[in-house]
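Undergrad: Dumping the structure here so I can ask a few things about it.
The values are calculated or read from the model by the stated rules, or taken from the named source; none is laboratory data. In this text, all values refer to a predicted model and were calculated from it rather than measured experimentally. Because the Cβ atoms are built from the backbone with ideal geometry, glycine has one as well, and the counts that use them run over all protein chains shown. Ligands, DNA and RNA are stripped out before the accessible areas are found, and what is left, the full protein with its side chains, is counted by its heavy atoms. Shrake-Rupley method; radii C 1.70, N 1.55, O 1.52, S 1.80 Å.
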4 protein chains.
Amino acid sequence: MIIQLKNNVTTARATELATALQAIQVTQEGATLLVTPSAIKTINPAYEADVDKIFVMETDIQLAHPSFMSGKRSVQWGKNTIGGTSNNSVVIGGPCSVESREQIMQSAQLMQTLGISTLRGGCYKPRTSPYTFQGLGLEGLKLLAEAGQKYNLSVITEVKDSSHIEEVIEHTNIIQVGAKAMYDHSILKRCGTANKPVLLKRGFGTTLQEFVQAAEFILSGGNDQVILCERGIRTFETKTRFTLDLCGAAYLKHHTNLPVILDPSHAIGYAYGVPDLSRACIAMGIEGVLIEVHPNPKVAKSDASQQLNHQEFTDLFNSLNSVAKAVGRNLI
Amino acid sequence: MIIQLKNNVTTARATELATALQAIQVTQEGATLLVTPSAIKTINPAYEADVDKIFVMETDIQLAHPSFMSGKRSVQWGKNTIGGTSNNSVVIGGPCSVESREQIMQSAQLMQTLGISTLRGGCYKPRTSPYTFQGLGLEGLKLLAEAGQKYNLSVITEVKDSSHIEEVIEHTNIIQVGAKAMYDHSILKRCGTANKPVLLKRGFGTTLQEFVQAAEFILSGGNDQVILCERGIRTFETKTRFTLDLCGAAYLKHHTNLPVILDPSHAIGYAYGVPDLSRACIAMGIEGVLIEVHPNPKVAKSDASQQLNHQEFTDLFNSLNSVAKAVGRNLI
Amino acid sequence: MIIQLKNNVTTARATELATALQAIQVTQEGATLLVTPSAIKTINPAYEADVDKIFVMETDIQLAHPSFMSGKRSVQWGKNTIGGTSNNSVVIGGPCSVESREQIMQSAQLMQTLGISTLRGGCYKPRTSPYTFQGLGLEGLKLLAEAGQKYNLSVITEVKDSSHIEEVIEHTNIIQVGAKAMYDHSILKRCGTANKPVLLKRGFGTTLQEFVQAAEFILSGGNDQVILCERGIRTFETKTRFTLDLCGAAYLKHHTNLPVILDPSHAIGYAYGVPDLSRACIAMGIEGVLIEVHPNPKVAKSDASQQLNHQEFTDLFNSLNSVAKAVGRNLI
Amino acid sequence: MIIQLKNNVTTARATELATALQAIQVTQEGATLLVTPSAIKTINPAYEADVDKIFVMETDIQLAHPSFMSGKRSVQWGKNTIGGTSNNSVVIGGPCSVESREQIMQSAQLMQTLGISTLRGGCYKPRTSPYTFQGLGLEGLKLLAEAGQKYNLSVITEVKDSSHIEEVIEHTNIIQVGAKAMYDHSILKRCGTANKPVLLKRGFGTTLQEFVQAAEFILSGGNDQVILCERGIRTFETKTRFTLDLCGAAYLKHHTNLPVILDPSHAIGYAYGVPDLSRACIAMGIEGVLIEVHPNPKVAKSDASQQLNHQEFTDLFNSLNSVAKAVGRNLI
């Protein structure tokens, strides 16, 4: 249950009510909200005088639920906006990993040339083996930020565990919470108090319900700049690396108020399918795609098989513009 | 291994070689092919004089493999063609089940009005419970055929088990093999000798490898008019009925020579997501979609939740045309 | 809803009521039952005079539900019984495929030596490729029956599609419906009128709900000799061939009145794990296991990797006896 | 590749070699090991004089691989040992969450009465919703430790994220890394330098390969006291909470040198199935089980449905002893 308090309720009273109702207190657009466990469906009549509105919820998808706030929440970074009243869809491009200054500068230049707003690049790699390339860490993050400044791009990188969350908040424009980190309460709660948008990736074994509830950790911390990112789930099919869940994307589009971005590169894991899948994603009418591109995919230090080269990416971007127009979207 | 024999090899000699090589003999466009188990990688030098070409295969995806025949095989029914050198994508519309003459005539009229070529309607329903509506059977099939004739449409219905395969072959223009029937060798082998296109649905628990191998049963029977249809696989996510596997569709498009059709309606199971998913499917650049539409979905006797009404379908069809154009496809 | 009619209700009246209630009429232990769709929860007061008892059901698991009949139904073949008041667990052993007279006789002799009652052997193989060994068919089935007679064993083989169902009914003591055939209504309905026990395998993509509903097709046809067999489901894990679902087995044991048999060989697909898994299965307190054994697994024509040799099977059988005793079961 | 250096190789030289080979340096039982990426299969002949033995590995399962060390590694805590030459299987019992002093003392007393060595209790709960009970945190951990001391038991609790790893290391005898935290490199690396056994839970979406590779993070950090715990994977089946992967357990038993423990309570999620599943687990011949028990499951603050009451747990424990004996195991 979300309880929107009247404007004249004092801070002390709000805290008292929150304690009584086992609720989390959230301030949103000037209003004070108390979010109780969804199992609580009614309030004590003694509290009614303090209450402006009540939203009774079936599950713990609450702040993200369209019955609380319809439409898509607006998320902004730099000069860019997705969601809200915009019809913008963002194309976030860049390499899987930041590998060197030269490499990330080439990627940044490509984005600038194409008029793309936001550059991605992994610095803290959540590799499954201790014996492979683990990313450049803070050094890579600084290179990414430098590339962003030089080419006038916003940048995004992924948090893998809570040991480097502060570095990521400091140096990026959007904080990406990785698929393997998305249950981490330390990270989610820290994102809840950050003053930057958060792109939350769905775990590959995560249900849609759990995924949106992870977003609730951030929203209930006071940060309403949350983007949901579907990047493929793990199924019995292994000819492709994961299975991009566009049924799930349709569900998130319809059943939440959060912008949705899709990641076809990680989903299929092979460059041959990325262009068709990217066009399919944009045709869904969602808020964006993440696409991996590398100056020379064959020598990439991670995910070599799934990264497009610059020409392939350029061709794809042009075709995405056509698809976007066909469904009334504007690429940024 | 596919062995293409020289034209002058006698029938008797071909049979002798087939026996020696444990091969299935297939005639295709005038040529005699021997398809051996893929484990066989070499032939006895004594046979070489009879051989025109040899295609060594890694797995039992053989006749469907692009290294045997590149591009997409052309499939025709009525005046319609998909695959081959065409850029056609077919939209096959109609109700989940044929329920009455009035209902199927309404559906047929809608297809005619929109310029759609092919009408679907289930007659033999593979329901999972013995206590629910099982379809009208042959009576429904005759109504479907009647609707096709009256409105000048091709028709397709699904084979559920081998007891009614002959009826379906007789009364439809395309034979649909259902997701639950696609491992049935009796059905597959009978389709292999039928003179009509076969739309083969992927089972919801079926790997891509097994799926294409099921097509090999039909192809090796001599019928090369096979369409692959992905209709959602079963995953851990249950907010949607199934998970439409577009990564799998990308794989099939790239790794086989068979046209691919997608079924977003059965995949998601809810009408709200069908338009976005259908647009995504068409944007993939594949050969078609199956979309369920019902004059009055609320009273449908099966799959009520996922069928569009006539207005929704009409709006969707118009937007599909825009998406098709954006990716260079022509809807039929 | 299951409606048990009073004994004095006439056949004509029962048929009238069945039609009015969209019910299937089933005779069980002398009583006439009408099984309606579970969505029907009440009956017309006009019918009440004809009704002895009513069982209102939540889902279409009806005749198999413990609230209709508690305990486990008793299933008999030859001198063997499982379920009912027995604590018997059957070990069904034999090769994946019947390959030759010599091979199946060796297997039969091993069963006889160990005091095992029932011999398995595949004759119609549901292979996923048209280019591999498809089984000996009727010839194999006759060899299996011959081996059973010679060594005084009951025999079981699998129906793959409806083209050979009559042969299997004629020559076996238990009809096995394969994992890929279990949605086939022709087969299920024919089993419903057969006078022999049916071992119904769960499809590897089949939910427990659908699985038991498939059993309802047989039960509602009048054959209450149904055994449920879990044989591994398809999951994201591919180091093993399938994932044996013992949580599902616990569910079936608790939530149905049908005996449960497990198939560890097909589940894991590798001989190294079969002994441990078989012991785990028996420790579950269920009605039996199917275990594949071959005189010389290395040269087996199908599933070579998962078959035990005679010594391994003998050692396993002895240890199964110890585990069975520890949980109060008796091996037959 | 694992390179075991000769005893006379200097520290400086070892470091030089490690750098040259991109290897992690591990000291184990006095020997210095260099573990390179498994992609490296040969070494420069110039290094051969420093090398005692080489183990070439197919994948990055290296230190855990039986070809490096056969048998099961021995893991010790308090007076307890599993693995090595022992045939011990541990039963770890206790509530899902530590809720109060009274509750955890009751649980501890039950363990003592039954002669069970180790008490579990969750303190930092990885709940999927921010609006539900999140555990007592450090307060709970201190209560757990107090209960352990009072009743002379070892204790184990779960690390959910890296913010409380030091507390858990300080107050427990075994560090449990939760299913949602098992990809967290901060946690894994910290465990690698801890002087206590680590029970590593498999993520519900984690492949066996990734699972064992997560253990490699700990092993390559120098801590060889690692226990693998399978606790159910997420599949399409939702009648049970997860699917306990005993095929996977058989794989781990056969293909790694790490002790294996199973968690039937979290797998099925319902108390009715826990006894049968626990007996199945013990019959697998693995090193232990985790079973949830609560003085009054109905009022439990988390996972109420799956916890046994004290009588059920006592009955189960007695039957586990019988099964353990049947398979030559000794419960501790």
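Undergrad: Give the stretch D:206-234 a look and list any residue that's open to solvent by 10 Å² or more (accessible area, probe 1.4 Å) and under 21 Å from C:LEU208 (Cα atoms), or say none.
TA: D:ARG231, D:ARG234 - these are the residues of the stretch D:206-234 that are open to solvent by 10 Å² or more (accessible area, probe 1.4 Å) and under 21 Å from C:LEU208 (Cα atoms).
Undergrad: Spot the failing condition for B:ASP263; the list is (1) away from every other protein chain (no Cβ under 11 Å); (2) over 18 Å from the mean Cα position of the chain (by Cα); (3) of a type outside the set (A, V, I, L, M), and only one is missed.
TA: Of the numbered conditions (1) away from every other protein chain (no Cβ under 11 Å); (2) over 18 Å from the mean Cα position of the chain (by Cα); (3) of a type outside the set (A, V, I, L, M), the odd one out for B:ASP263 is (2).
Undergrad: I would also like to ask the following. Go through the residues of the stretch D:78-100 one by one and say whether even a single one is within 15 Å of D:ILE227 (Cα to Cα), touching a residue at least 40 places away in the same chain (Cβ under 8 Å) and within 14 Å of chain A (Cβ to nearest Cβ).
TA: Checking the stretch D:78-100: not a single residue is within 15 Å of D:ILE227 (Cα to Cα), touching a residue at least 40 places away in the same chain (Cβ under 8 Å) and within 14 Å of chain A (Cβ to nearest Cβ).
Undergrad: When you go through C:THR256, C:THR314, C:THR243 one by one, which is the residue that is more than 20 Å from D:GLY285 (Cα to Cα) and polar (S, T, N, Q)?
TA: C:THR256 is the lone residue from the list that is more than 20 Å from D:GLY285 (Cα to Cα) and polar (S, T, N, Q).
Undergrad: Shifting gears a bit: Examine the stretch A:292-303 for a residue that is in the same structural domain as A:VAL226 (by TED's automatic domain parsing), aliphatic (A, V, I, L, M) and within 30 Å of A:LYS72 (Cα to Cα), and state whether such a residue exists.
TA: Yes, because at least one residue in the stretch A:292-303 is in the same structural domain as A:VAL226 (by TED's automatic domain parsing), aliphatic (A, V, I, L, M) and within 30 Å of A:LYS72 (Cα to Cα).
Undergrad: Between a first residue in the stretch A:120-137 that is at the interface with chain D (Cβ under 7 Å from one of its Cβ atoms) and crowded, with 23+ Cβ neighbours inside 10 Å and a second residue that is of a type in the set (Ser, Thr, Tyr) and not in a strand (DSSP E or B), which pairs have beta carbons less than 9 Å apart while being 6 or more apart in sequence or on different chains?
TA: Here the result reads A:PRO130/D:SER220; A:TYR131/D:THR36; A:TYR131/D:SER38; A:TYR131/D:SER220, each pair linking the stretch A:120-137 to a residue that is of a type in the set (Ser, Thr, Tyr) and not in a strand (DSSP E or B).
Undergrad: If you don't mind, another one. Does C:LYS142 meet the test of being assigned to a helix (DSSP H, G or I), in contact (Cβ under 8 Å) with a residue 24 or more places away in the chain and among the basic types (Lys, Arg)?
TA: It is true that C:LYS142 is assigned to a helix (DSSP H, G or I), in contact (Cβ under 8 Å) with a residue 24 or more places away in the chain and among the basic types (Lys, Arg).
Undergrad: Filter the stretch B:293-315 for residues that are in contact with a Lys or Arg (Cβ under 8 Å, 6 or more places away or on another chain) and buried (at least 20 other Cβ atoms within 10 Å of the Cβ) and give the result.
TA: Hit for the stretch B:293-315 is B:GLN306, nothing else.
Undergrad: Could you check the stretch D:1-101 for strands (runs of 3 or more DSSP E) lying wholly inside it with 3 or more residues that are in the same structural domain as D:THR172 (by TED's automatic domain parsing) and small (Gly, Ala, Ser)?
TA: D:88-94
Undergrad: Give the number of residues within the stretch A:236-250 that are within 22 Å of the chain's Cα centre (by Cα) and not aromatic (Phe, Trp, Tyr).
TA: Total meeting the criteria: 9.
Undergrad: Out of the residues in the stretch B:20-50 that are of a type outside the set (A, V, I, L, M), within 20 Å of B:GLU216 (Cβ to Cβ) and exposed (fewer than 13 other Cβ atoms within 10 Å of the Cβ), state the one that is nearest to the other protein chains (Cβ to nearest Cβ).
TA: Per the stated criteria, the residue is B:LYS41.
Undergrad: To continue, here is another question. Can you find a residue in the stretch D:109-122 that is at pLDDT below 95, within 29 Å of A:GLY203 (Cα to Cα) and assigned by TED's automatic domain parsing to the domain that holds D:GLU312?
TA: No, the stretch D:109-122 has no match at all.
Undergrad: Mind checking whether some residue in the stretch A:96-108 is under 19 Å from the mean Cα position of the chain (by Cα) and open to solvent by less than 10 Å² (accessible area, probe 1.4 Å)?
TA: yes
Undergrad: Now for a different question. Say we look at the stretch D:62-79 and pick out the residues that are open to solvent by less than 20 Å² (accessible area, probe 1.4 Å) and of a type outside the set (Lys, Arg); which of these is farthest from D:ASN173 (Cα to Cα)?
TA: That would be D:GLN62.
Undergrad: Out of the residues in the stretch A:5-19 meeting the condition of being touching a strand residue (DSSP E or B) at 6+ places or on another chain (Cβ under 7 Å) and farther than 27 Å from D:LYS301 by Cα, tell me which one is least open to solvent (accessible area, probe 1.4 Å).
TA: A:LEU5
Undergrad: Here is a follow-up. Return the residues of the stretch B:163-203 that are touching a Gly at 6+ places or on another chain (Cβ under 6 Å), among the hydrophobic types (A, V, I, L, M, F, W, C) and surrounded by 24 or more Cβ atoms within 10 Å (Cβ to Cβ); say none if nothing qualifies.
TA: B:ALA179
Undergrad: If you don't mind, there's one more thing I want to ask. Given the criterion away from chain B (no Cβ under 14 Å), touching a residue at least 40 places away in the same chain (Cβ under 8 Å) and in a loop (DSSP other than H, G, I, E, B), identify the matching residue among C:ILE291, C:ILE282, C:ILE286.
TA: C:ILE286
Undergrad: With the condition kept exactly as written, say whether any residue in the stretch D:136-151 is among the basic types (Lys, Arg), farther than 15 Å from D:VAL168 by Cβ and under 22 Å from the mean Cα position of the chain (by Cα).
TA: The answer is no; no qualifying residue exists.
Undergrad: Answer with yes or no whether A:SER265 is open to solvent by less than 10 Å² (accessible area, probe 1.4 Å) and at pLDDT below 95.
TA: Judged against the criteria, A:SER265 is not a match.
Undergrad: When you check D:THR59 against the structure, is it among the polar types (S, T, N, Q) and open to solvent by less than 70 Å² (accessible area, probe 1.4 Å), yes or no?
TA: So D:THR59 passes the test.
Undergrad: Within the stretch D:302-332, how many residues are under 17 Å from D:SER265 (Cα atoms), at pLDDT 95 or above, assigned to a helix (DSSP H, G or I) and of a type outside the set (A, V, I, L, M)?
TA: Residues meeting the conditions: 8.
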